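Colleague: So that we are looking at the same thing, I have put the structure below in structure tokens.
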Amino acid sequence: MSSVSMRDLLEAGAHFGHQTRYWNPKMNEFIFGARNNIHIINLEKTVPALDEALAFVQSTAAKKNKVLFVGTKRSASKVIKENAERAGMPYVDKRWLGGMLTNYKTIRQSIRRLRDLESQAANGTFEKLTKKEALSRQRDLEKLESGLGGIKEMGGLPDALFVVDVDHESIAVTEARKLRIPIIGIVDSNSNPDGIDYVIPGNDDAIRSIRLFVAAIADAALAGKAEFQGEVSADEFVEVAAEPVAEETQPEVAAEVAAAEPAAVEPAAVEPAAVEPAAVEPAAVEPAADESEKAE
């Protein structure tokens, strides 16, 4: 998992908050001071908070779970879409539709309609319709794609929510809290951190700052996915190597036992030679028997 240093945060301007008159007193513990009537966020609090959030995202992705990226304001929309797609995670970058989580049953029906229209557009059905009907369906397709395109592969409610600007996305935060979905949020000096499970104090307006935070979350998700895929590959390898080994053999020594099998065959090849002296001299039978017993 890639970590973000304090220097990275400083260069991105993540420490700049809002004007002091707009501050939220609940963010007091995360504020270092003020300069030119602008609050300065304490990055010594941001670094460990971000690391904790990244560890949570990685562990979530490692369990093959979904993290929904949410950022609909202009400065966050493009960054959210790019990084969520890079990480293979669902996202909302245009507008949060009321009930997107709490009324997911209805949203799922709209997603099915979207898939149906996509299929019609791909197989040439639109071309067989009247111009008016084809245009109507094309508009429906574009509208649904704009609102639901980022979550059409989500397959159910997300396991966590990552939000840029928790005040701007208050509806999404409220719905997630009702469903007890863990929330990771970039929280500026003017925002309310209540109800956010993983508070990342930082600038949620500057594009460079947003890009730094969102890219770090996406990298953590990718690291978690790689961890999951690595575990699957390792399990498959152990199963193949363990086939000729007895059930009591531990997976860790399966390779050693498999490698030792050719050496174990050699005593069996010597047995006929050991039987010959036993047939010639009865007295020599006893040592041969002792040797075979030791071999056993």
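Colleague: Test of understanding: ordering R21, R177 by Cβ neighbours within 10 Å, fewest first, what list do you get?
Modeller: So the residues, fewest neighbours to most, are R21, R177.
Colleague: With 18 Å as the limit, write out which pairs from K94/K178; K105/K152; K152/K178; K73/K152; K45/K81 have Cα-Cα distances beyond it, or answer none.
Modeller: Going by Cα-Cα distance, K94/K178; K152/K178; K73/K152; K45/K81 fall outside the 18 Å limit.
Colleague: Moving on. Neighbour counts of other C-beta atoms within 10 Å: give me V199, V47 arranged from fewest to most.
Modeller: With the sparsest Cβ surroundings first, the list reads V47, V199.
Colleague: Calculate the length of the line joining the C-alpha centroid of region 167-189 to that of region 62-76, in whole Å.
Modeller: So the two Cα centres are separated by 12 Å.
Colleague: Now a separate question. Which is farthest toward the positive dipole end of region 67-116 among N103, L68, V92, measuring Cα position about the Cα centre, with Cβ charges +1 (Lys, Arg) and -1 (Asp, Glu)?
Modeller: Of N103, L68, V92, it is N103.
Colleague: Also, I was wondering about something else. With a Förster radius of 22 Å, plug the Cβ-Cβ distance of E11 and K94 into 1/(1 + (r/R0)^6) and report the FRET value to the nearest 0.05.
Modeller: With R0 = 22 Å, the Cβ-Cβ based efficiency is 0.15.
Colleague: For K105 and T130, FRET efficiency with R0 = 22 Å and r from the beta-carbon atoms, rounded to 0.05?
Modeller: Using R0 = 22 Å, I get an efficiency of 0.10.
Colleague: Next question, about the same structure. What is the set of long-range amide H partners of H18 at a cut-off below 5 Å, with H atoms built 1.01 Å from backbone N?
Modeller: It is H39, S189, N190, by chain and number.
Colleague: For an R0 of 51 angstrom, estimate the FRET efficiency from the Cβ-Cβ distance between I171 and F228 and round to the nearest 0.05.
Modeller: For R0 = 51 Å, the calculated efficiency reads 0.95.
Colleague: Fully extended, how many nm does the chain gain between D140 and E153 (0.36 nm per residue separation, minus their Cα-Cα distance)?
Modeller: Additional length available on full extension: 2.8 nm.
None of the figures in this text is laboratory data; all of them are computed from the coordinates on show. Quick caveat, the model's predicted, so the values are computed rather than measured. Positions of Cβ are generated from backbone atoms using ideal geometry, with glycine treated the same way; all protein chains shown enter the neighbour counts.
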